[in-house]
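Here is the structure we will look at.
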Amino acid sequence: MKLLKTRVISALVGVILLIAVVCSGQMVLGTAVFFVSMLAMYEYFRSLTNAGYRPVKAVGYISCAAVLFLSWSEVLKNSFFQQIISLKSLLFAVFAMIVVLFSFIIFLHGKYNIVDISLTFFGVFYITFLLSFIVLTRNLKSGFLFVWLIFIGAFSTDTMAYFSGLFFGKHKLMPAISPKKTVEGAIGGVIGCALATFLYGLYLNKSGSIEFIPYFHFFVMGILCGIISQIGDWAASAIKRYVKVKDFGSIMPGHGGALDRFDSILFTAPVVYFYLSWII
């Protein structure tokens, strides 16, 4: 009961901060996502270091700057920033990162190995790449309203999965990775997410805040987010099992670190962005 109370209080504080950040504009949101990505990268690298690996930390931290460029270029409409985030520039950045990382195992082969640079490369895409979709969604038309789908999808899934598992959970889902996860909890998470996104879509359409979008789209997005959100949660659990840590950090009492709190958001953000961009 004490743990539940701690989780609820931390969640409320987190929601208040989230509302303040999202409502403050694109640049503030982009800057906040940048700091979250830096903190998540730090937690990720720390867990790897504790497990005996040597990630190339500088490369990971520098990659987080991409989040800033994505938000600034849209707000400032500056040709310099827009050129930096062009497709060709991003492809060159990936190529340059590969060259730099391989240089570490070539010229510093006594300190770094292929596993170290592979884990660094993975971290950049796992954290920076996936978090950038929050900013990309915010940059869409009516992005201020649509970006909430990311957080509603992740948080409603997490909350409903937790309480569904707590009250109805009987069948273990994947005890080797996350012993407390149950089949009932997973199903409850998907249903809760679908209902939450549908209700949010109902609000958006009825209030006239957006051009009308058929309601089934919000329901489908809810199902997709409910599934992919839990995959994000399980993926983080698999990493923590491998590096033998309970939580990536302790910035949020009862929830762990930034990466623990954003593990689901990492996966729901691309789903929302691609669904809005390709289907709606």
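Looking only at residues of the stretch 6-27 that are of a type in the set (Gly, Ala, Ser) and open to solvent by 50 Å² or more (accessible area, probe 1.4 Å), we find that the one that is farthest from Arg138 (Cα to Cα) is Ala20. When we screen Leu140, Leu199, Leu145 for residues that are more than 19 Å from Asp263 (Cα to Cα) and either β-branched (Val, Ile, Thr) or modelled with pLDDT under 95 (or both), the only hit is Leu140. Taking the criterion of being open to solvent by 40 Å² or more (accessible area, probe 1.4 Å) and under 21 Å from the mean Cα position of the chain (by Cα), no residue of the stretch 199-218 qualifies. Out of curiosity, is Gly256 closer than 24 Å to Val33 by Cα, without any contact (Cβ under 8 Å) to a residue 12 or more places away in the chain and open to solvent by less than 60 Å² (accessible area, probe 1.4 Å)? Yes; evaluated as a whole, the condition is true for this residue. If we scan the stretch 150-158, do we find a residue that is open to solvent by less than 60 Å² (accessible area, probe 1.4 Å), under 22 Å from the mean Cα position of the chain (by Cα), on the phi < 0 side of the Ramachandran plot and of a type in the set (Ser, Thr, Tyr)? Taking every residue of the stretch 150-158 in turn, at least one turns out to be open to solvent by less than 60 Å² (accessible area, probe 1.4 Å), under 22 Å from the mean Cα position of the chain (by Cα), on the phi < 0 side of the Ramachandran plot and of a type in the set (Ser, Thr, Tyr).
Pairing residues of the stretch 157-169 that are under 16 Å from Phe262 (Cβ atoms) and modelled with pLDDT of 90 or more with residues that are of a type in the set (Ser, Thr, Tyr) and open to solvent by less than 70 Å² (accessible area, probe 1.4 Å), at Cβ distances under 6 Å and at least 6 apart in sequence or on separate chains, gives Thr157/Ser229; Asp158/Ser264. Scanning the stretch 176-212 for residues that are basic (Lys, Arg) and within 16 Å of Gln230 (Cα to Cα) turns up Lys180, Lys181.
Selection within the stretch 114-129: residues that are in contact (Cβ under 8 Å) with a residue 12 or more places away in the chain and farther than 18 Å from Leu90 by Cα. The member of this set that is surrounded by the fewest Cβ atoms within 10 Å (Cβ to Cβ) is Val115.
Within the stretch 226-253, being over 12 Å from the mean Cα position of the chain (by Cα), closer than 30 Å to Asn205 by Cβ and crowded, with 22+ Cβ neighbours inside 10 Å holds for one residue alone: Gly226. Can you name every residue in the stretch 159-194 that is among the hydroxyl-bearing types (Ser, Thr, Tyr) and either outside any helix (DSSP H, G or I) or open to solvent by 60 Å² or more (accessible area, probe 1.4 Å) (or both)? Within the stretch 159-194, Thr159, Tyr162, Ser178, Thr182 meet the criteria.
Just one of the listed residues (Val147, Val220) is within 25 Å of Ser71 (Cβ to Cβ), part of a helix (DSSP H, G or I) and not polar (S, T, N, Q), and it is Val147.
The values are calculated or read from the model by the stated rules, or taken from the named source; none is laboratory data. Keep in mind that what you see is a predicted model, and the values were worked out from it rather than measured. Cβ coordinates were reconstructed from backbone atoms using ideal geometry, including for glycine residues, and neighbour counts include every protein chain displayed. Surface accessibility is based on the protein's heavy atoms, side chains included, excluding ligands, DNA and RNA. Shrake-Rupley method; radii C 1.70, N 1.55, O 1.52, S 1.80 Å.
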